[in-house]
1. If you look at just the Cα atoms of the chain, how large are its Rg and its Dmax in Å?
2. For segment 2-102, what's the relative contact order in percent, using C-alpha pairs closer than 8 Å and at least 6 residues apart?
3. On full extension of the chain, what length is gained from Ala84 through Lys15, given 0.36 nm per residue of separation minus the C-alpha to C-alpha distance?
4. Provide the net charge surrounding Pro69, with neighbours chosen by a C-beta distance below 10 Å and charges set as Lys +1, Arg +1, Asp -1, Glu -1.
5. Separation between the Gln26 and Glu68 pseudo-spin-labels, each 7 Å from Cα along Cα→Cβ, expressed in nm?
Amino acid sequence: MSEDINSRVSNQIDKMSTEEKDHILQSFTHFTSYLKDQLAKGESLGLSDAMLAKAAKFVADHLAKHEEPRNREEKVLNELWQAADEDEKKALSRVLVKMVQSA
C-alpha cells in the first residue's frame, strides 16, 4: 500500500505545471493550505493518519531533493529535514500532518 501511495503522489507531482508548483510554494500559507486540501482528499478515501504521514514524507523528500525553499518557514523545514535521520523524518511528517489538520 505504501508503494501505491508513493506512486500516486509521484504521479500528482509529475502532472503539476511549473506555475502550479510555484503558486503552491510561494508562501508557507499556500503550501499548508494545499497540503490540508490533499490530506482531506486522502481522508475521504479512507487513508489512515499513518498513510497520510507516509505520503507527506514522500512529498517532503521530493521537495528537499528538487525544490529550493522559497520562504523562511520552508527554509527551516528544509534544514530540519536535512539534519534528520529516517525516524526523525517520519516524526516530522506526522507532526506536519497533525499541524495542518488542526489549522
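1. Cα only, the chain: 12.8, 34 Å (Rg, Dmax).
2. 36 percent
3. Contour length minus the Cα-Cα distance gives 22.0 nm.
4. -2
5. Distance between the two pseudo-spin positions: 1.7 nm.
Laboratory data are not the source of any read-out in this text; all were calculated from the coordinates shown. No experiment lies behind these values; they were computed from the predicted model shown. We place every Cβ from the backbone using ideal geometry, glycine too, and count neighbours over all the protein chains shown.
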